[in-house]
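First up is the structure itself, then whatever we jot down about it.
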Amino acid sequence: MKELKLALIGFGNAGQAFAKMLLEKEEEVRKKYNTRITVVAITTKTRGNLIDAWGIDLDKALKNVQNSGRFDKILGFSENSTSQSIVDKVDYDVLVELTPLEFSSGKIAANHIRGALKRGKHAITANKGPVAWAWKELTDLAEQNHCRFLYETTIMDGTPVFNMKRGSLRLCNITGVKGILNSATNYILCEMEKGRKMEDIIEDGKEQGFIEANPANDIEGYDAAAKVAVLANVFMGANMTPLDVECEGIQNITELDIKNAAEKNAVIKLMCRIEKDENGKIRGKVAPEEVDKKDIYASIEGTSSILTIQTDLMGTLTVIEEAPEVQQSAYGIFADLMAIIEKD
């Protein structure tokens with residue numbers, strides 16, 4: 001039986017849900033792929049680190065974090081290791097990068113992935129930063145070192161938009177993209193339609209856990225701009241960064257704006273767009289727009305999202321993700337891992 005060793009960089013909600021999925025599907029993966037998956041390292045910012053060449057007891061690690069909020073001094077516990085030292089020195093086959101987005105450069109996560117790929121290790125990321133800031137460099141590095149760099153969870157959680165491009169849309173050229181891709185802002189705008197104030201909605205969202213303590217990346221459009229860069233790079237080879245995206249958030253949307261739109265039988269949505277002009281230049285934009293209530297985009301409510309892809313051979317395709325939870329993010333990571341197993 002083959003063994004595939006993983007190193008997890010980050011162990012937040014998505015990382016823990018992924019670990020649970022590995023446990024749930026362990027026997028099925030062994031039977032279908034003749035492969036035993038072991039996690040040999042988990043590194044976190046505040047919970048401590050675990051390193052065990054024989055395989056970490058994931059069930060115990062999960063219970064440890066849930067009970068005490070961090071790893072206690074169990075087998076493999078290390079306080080001195082850094083995430084980069086684990087990337088550079090631990091014996092693993094696949095690096096799974098699960099750290100939060102660093103909008104300004106994506107540098108830390110990109111360094112993790114760069115380090116893995118240089119060692120000929122596969123890399124999976126749920127972090128948009130590396131794909132938004134260093135996609136061409138990292139994909140070239142993966143090709144040079146005969147390994148894979150996968151990133152399904154960076155857009156629409158686990159919705160298989162990139163797998164669709166690689167598999168079902170072979171030789172299709174994508175000529176344009178639009179979407180509603182930030183759950184927090186879509187939820188806020190939907191709640192404002194009900195007459196609620198933005199500040200109250202944000203506070204409720206923080207309490208429920210799907211709006212960050214500092215919601216600026218969402219409210220000001222930065223998270224959406226990073227997603228636009230990711231889509232432009234992967235779908236259209238743009239070599240774009242988030243700073244190249246024309247970006248306007250919803251921070252200036254007022255109750256009067258919502259009311260005026262409703263009088264026109266429209267709603268306001270934070271729209272993401274990627275277009276190619278007559279000279280072949282690819283442009284990305286994030287901005288609030290009035291959307292007619294008859295449009296399918298007006299029906300996207302709460303934390304749901306939507307993506308429309310224009311192609312030369314398959315026409316226009318639209319994918320909707322309804323009210324995602326952390327399970328979907330975990331599955332995107334899991335699907336990328338299965339793709340690596342199937343290729344090996």
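The values are calculated or read from the model by the stated rules, or taken from the named source; none is laboratory data. Every value quoted in this text rests on a predicted model; they were computed, and no experiment measured them. Every residue, glycine as well, gets a Cβ built from its backbone with ideal geometry; the counts of neighbours run over all protein chains shown. The protein model used for the area step is the full one, side chains on, heavy atoms only, and it has no ligands, DNA or RNA in it. Shrake-Rupley method; radii C 1.70, N 1.55, O 1.52, S 1.80 Å.
See the values below:
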quantity	calculated
Selection count where residues are touching a helix residue (DSSP H, G or I) at 6+ places or on another chain (Cβ under 8 Å) and among the acidic types (Asp, Glu), scope segment 272-287	0
Pair list, Cβ < 6 Å and 6+ apart or interchain, from segment 315-344 residues that are on the phi > 0 side of the Ramachandran plot to residues that are at pLDDT 95 or above	323/304
Residues satisfying the stated conditions in segment 304-332, i.e. in a strand (DSSP E or B) and either out of contact with any strand residue (DSSP E or B) (no Cβ under 8 Å at 6 or more places or on another chain) or open to solvent by 20 Å² or more (accessible area, probe 1.4 Å) (or both)	310, 316, 317, 318, 319, 320
Filtered residues of segment 1-60 (kept if open to solvent by 40 Å² or more (accessible area, probe 1.4 Å) and of a type in the set (Asp, Glu))	3, 24, 26, 27, 28, 57, 59
Considering residues of segment 209-264 that are under 16 Å from residue 283 (Cβ atoms) and polar (S, T, N, Q) only, the residue least open to solvent (accessible area, probe 1.4 Å)	233
Test: residue in segment 251-259 that is over 26 Å from residue 132 (Cα atoms) and of a type in the set (Lys, Arg)	yes
Residue match in segment 291-303 (condition: open to solvent by less than 10 Å² (accessible area, probe 1.4 Å), touching a residue at least 12 places away in the same chain (Cβ under 8 Å), closer than 16 Å to residue 221 by Cα and of a type in the set (A, V, I, L, M, F, W, C))	no
Pick from segment 271-290, criterion of a type in the set (D, E, K, R) and in contact with a Lys or Arg (Cβ under 9 Å, 6 or more places away or on another chain), ranking: surrounded by the fewest Cβ atoms within 10 Å (Cβ to Cβ)	277
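Results for (1) basic (Lys, Arg); (2) surrounded by fewer than 23 Cβ atoms within 10 Å (Cβ to Cβ), shown as yes or no for each residue.
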| residue | (1), (2) |
| --- | --- |
| 138 | no, yes |
| 155 | no, no |
| 172 | no, yes |
| 185 | no, no |
| 192 | no, yes |
| 197 | yes, yes |
| 205 | no, yes |
